[in-house]
Amino acid sequence: MKPFPVTAAMFLLLGGLFGLSMGGWLFLAGVLTSLPHLSLILLAYGGCFLAFQGAIHWGLTAENPDIIPPQGMGPIERKRILLGSIFFLWGWVSLCVGLLYTPQSGYCMEIVGFVGGYALERVAARRGQLLSQGLLLIKAVFSFLMVLGLIFALISPQGRF
């Protein structure tokens, strides 16, 4: 049995707390003043962390001594590469949409990315044990905190940025 990735788990939890605090600050301080820079920072942070969620799967694939074994990749490695690509692409597309259209549209796409990505990971974990149950729990807490922060930023009373 592989050891639990404590460092990665702490990084994820701290990342979720940071996103929650930025969203909360946008919501609370938005009553008094507009915070356009912080809203774009949160948008970029969410997009980067969605891409990082995919990088976790790529890292688990690369952890294997033979990244591409002679008999080819197995089904678990294919699923990990696919999940990693979905997170990566969704994160960057949501960031681009948020920058080119409105930050609120990017927030909505990132919320869908975190919730949908976690749902995909949960289904994949039940079918092929892609993630340990401990790491899946940590990612659930992280996704919840990030989504909560994005919702706070989305409903911030500062209106259009």
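Descriptive notes on the structure:
- For region 10-20, Karplus couplings with θ = phi - 60° (6.51, -1.76, 1.60), whole Hz, Gly/Pro x: 5, 4, 5, 5, 5, x, x, 5, 5, x, 5
- Between THR102 and ARG127, the modelled label-to-label distance comes to 3.6 nm, taking each label 7 Å out from Cα in the direction of the beta carbon.
A short reminder: the numbers here are calculations on the coordinates, not readings from a lab. From a predicted model like this one, the values you see are computed outputs, not experimental measurements. Methodologically, a virtual Cβ is constructed for each residue, glycine included, from the backbone with ideal geometry; neighbour enumeration extends over all protein chains shown.
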